[in-house]
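**Student:** Have a look at this one before I ask anything.
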There are 2 protein chains.
Amino acid sequence: MGIAERKTREKQALRERILDAARRIVMRDGFAALSMRKIADAIEYSPATLYLHFESRDEIAHALCAEGYAQLLETFVPLAAIEDPRERLHALGRAYVAFGLAHPQTYRLIFMEDPSYTSATLTGNRSDDSGDAAFQIMIDALDALRDAGRLPLPSTASVVWAEALWSILHGIVALQLTCPVFPHAAPELLVDVAFGAWFAQAGTAAKRRGNGTAKSRARPATKADTNATKKAQAKPEGTRKAASQAKATPKPVSKADSGAASGPPAQASPAVPAIRRKAARA
Amino acid sequence: MGIAERKTREKQALRERILDAARRIVMRDGFAALSMRKIADAIEYSPATLYLHFESRDEIAHALCAEGYAQLLETFVPLAAIEDPRERLHALGRAYVAFGLAHPQTYRLIFMEDPSYTSATLTGNRSDDSGDAAFQIMIDALDALRDAGRLPLPSTASVVWAEALWSILHGIVALQLTCPVFPHAAPELLVDVAFGAWFAQAGTAAKRRGNGTAKSRARPATKADTNATKKAQAKPEGTRKAASQAKATPKPVSKADSGAASGPPAQASPAVPAIRRKAARA
DNA sequence: GTCTATATGAGGATAGAC
DNA sequence: GTCTATCCTCATATAGAC
């Protein structure tokens, strides 16, 4: 049966190559620029071949989502070991935002592109039973905080609080990715401010229980999670630039070059009239 | 000069018709489904005519953004008169979220679709000098809260706080619009929880200064802003359904029928291979 | 399994006739 | 001002040869 196995292996390998190419395209140019043709070009196969491995472009997108989400989870796992639940939550928040900023295109794909992608990623993820692992980590931390008597929280409310926390994290990332021009405080600072305000009364680590103003927490913000998200930041995603200056600089992203994923640029040169977009059936 | 005036009027009228049609399409099927051809069909003109009034599809999108943002501002204005700054902030937050849920497609277009749209809407809005009026209203409320000594906030921090608040509001709306399937607390509840947590120490109106748990604030949440956003909710935006059952029901939206704007459905029937998407130039 | 070639359909934008 | 006709680009997906 060695032959069959080799064939299976080869098939798997090609599948991986497809996903690799797709991931590269998405990371460089954004999901909108992902097309079967481009993937085929990249791996030097014909477009038709892709359909032997994936049913559709959507299926590839789903696979990419699953990958990205797994990557996010990886950055969460070590943080879940932080003892102090307040610090744990804070670290998770910073890591979440850092992930979103380091992988803007992946984050967009998972959480901002299409409801079906998000749903599929969060619900039908892996062999896990319950829906969302990352989410559960946050709930656990809140429960721990409550059990320690540091947060007057009904047992049913931790889920709601976790959702509220998730909302602000997502809001920070999404806002940063979608409208980077707007005069905006550093996302890391926003996380700190938010957590400072939320858990002021749950003060624990002797930090001043003021409401986390700019100066008090601005500076050490991004220090802590640098290690945690180092792997993540090793593969930053850039923005599709004019393809001339977009050289995929291997430097760690600094939010400026990655977050501003420009969609169809308003300055589309009339000479190049090619702007496509997702459309509904008429 | 009556002739010239009439012509100007007629030109303006057609411009309005174009925008009306575009708005209808966006509200019903989402921005992705907006095409020059469809607009032209809707107003019974040729596609070429559109280009006499708008330079490109993007320009139409920008116009729609400006309209939508103005609409959002309208719902804010009366709330800015609320005396108690805490209540004012809370009301603004509820109104913001209510707007997003009542006009999912418009909200998407302004804040979630394309950075250039968001930027253009927020910065180059109207004859105003400063960038963002809605944002300023929030800052003012925070300043008032601080000036009343109810929030120990440095004068420079109110901007940051406003951005953090905006982030959570955006996060709540965006999350609701993008992944509605995820077991999620009611958005209004999330707003209340968040504001309760944020301004627990700024307690004012004799409300219990607990951290706004589920039961304490769940029920009266959406009551207050119903009037404020009545106009808004009078024109709900539905989701592009299979176009068969999508009858544009003129009932006030209840978040269920509007938020779940599904993009390219995974169950795209093979017989109808028309799924387009925005793409970058190669 | 893989490819070439092609069917099918949609879109933005423009030239040039009326 | 408006339309017809058209260009060009892009996509998904399949048929049928190798």
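The values are calculated or read from the model by the stated rules, or taken from the named source; none is laboratory data. The structure presented is a predicted model; accordingly, all values stated were derived computationally and were not measured. Backbone-built Cβ (ideal geometry, glycine too); neighbour counts: all protein chains shown. Heads up: the accessible areas ignore ligands, DNA and RNA and are worked out on the full protein's heavy atoms, side chains in. Shrake-Rupley method; radii C 1.70, N 1.55, O 1.52, S 1.80 Å.
**Student:** Look at segment A:1-36 and say how many of its residues are within 14 Å of DNA strand D (Cβ to nearest atom) and among the basic types (Lys, Arg).
**Tutor:** Summing the residues that are within 14 Å of DNA strand D (Cβ to nearest atom) and among the basic types (Lys, Arg) in segment A:1-36 gives 1.
Every residue, every condition in (1) assigned by TED's automatic domain parsing to the domain that holds A:Thr121; (2) among the hydrophobic types (A, V, I, L, M, F, W, C), yes or no:
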position: A:Ala22; (1), (2): no, yes
position: A:Ile25; (1), (2): no, yes
position: A:Phe31; (1), (2): no, yes
position: A:Leu34; (1), (2): no, yes
position: A:Ala40; (1), (2): no, yes
position: A:Leu50; (1), (2): no, yes
position: A:Tyr69; (1), (2): yes, no
position: A:Leu79; (1), (2): yes, yes
position: A:Thr106; (1), (2): yes, no
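**Student:** Ok, one more. If a residue must be facing another protein chain (nearest Cβ under 7 Å), open to solvent by less than 10 Å² (accessible area, probe 1.4 Å) and either of a type outside the set (A, V, I, L, M) or not in a helix (DSSP H, G or I) (or both), how many such residues does segment A:183-199 contain?
**Tutor:** 1
**Student:** Within segment B:22-43, work out how many residues are closer than 19 Å to B:Pro104 by Cβ and among the small types (Gly, Ala, Ser).
**Tutor:** 4
**Student:** Select from segment B:64-88 the residues that are closer than 26 Å to B:Asp114 by Cβ and open to solvent by 20 Å² or more (accessible area, probe 1.4 Å) and list them in ascending order. If you could, list the steps in order and put the result at the bottom.
**Tutor:** We begin by selecting, within segment B:64-88, every residue closer than 26 Å to B:Asp114 by Cβ; these are B:64-76.
Result: B:Ala66, B:Glu67, B:Ala70, B:Gln71, B:Leu73, B:Glu74.
**Student:** Name the residues in segment B:37-63 that are within 13 Å of DNA strand D (Cβ to nearest atom) and surrounded by 19 or more Cβ atoms within 10 Å (Cβ to Cβ), would you? Don't jump to the end; show me each part of the working.
**Tutor:** In the first step, residues of segment B:37-63 are kept if they are within 13 Å of DNA strand D (Cβ to nearest atom); the result is B:37, B:39-54.
Selection gives B:Ile39, B:Leu50, B:Phe54.
**Student:** A further question on this structure: Can you find a residue in segment A:25-32 that is β-branched (Val, Ile, Thr) and open to solvent by 20 Å² or more (accessible area, probe 1.4 Å)? Spell out how you get there, then give the answer.
**Tutor:** Filtering segment A:25-32 down to residues β-branched (Val, Ile, Thr) leaves A:25-26.
Within this subset, residues satisfying the condition of being open to solvent by 20 Å² or more (accessible area, probe 1.4 Å) are none.
Taking every residue of segment A:25-32 in turn, none turns out to be β-branched (Val, Ile, Thr) and open to solvent by 20 Å² or more (accessible area, probe 1.4 Å).
**Student:** Hey, another quick one. Quick one: B:Arg86 ticks every box in (1) under 30 Å from A:Ala164 (Cβ atoms); (2) more than 14 Å from chain A (Cβ to nearest Cβ) bar one, so which box is it?
**Tutor:** Evaluating B:Arg86 over (1) under 30 Å from A:Ala164 (Cβ atoms); (2) more than 14 Å from chain A (Cβ to nearest Cβ) leaves (2) as the failure.
**Student:** Further question: Only one residue in B:Ala148, B:Ala102, B:Ala98 is open to solvent by 10 Å² or more (accessible area, probe 1.4 Å) and at pLDDT 95 or above. Which one? Explain how you work it out, then say what you get.
**Tutor:** Numbers: B:Ala148 fails: at pLDDT 95 or above; B:Ala102 fails: open to solvent by 10 Å² or more (accessible area, probe 1.4 Å).
Result: B:Ala98 is the single residue among B:Ala148, B:Ala102, B:Ala98 that is open to solvent by 10 Å² or more (accessible area, probe 1.4 Å) and at pLDDT 95 or above.
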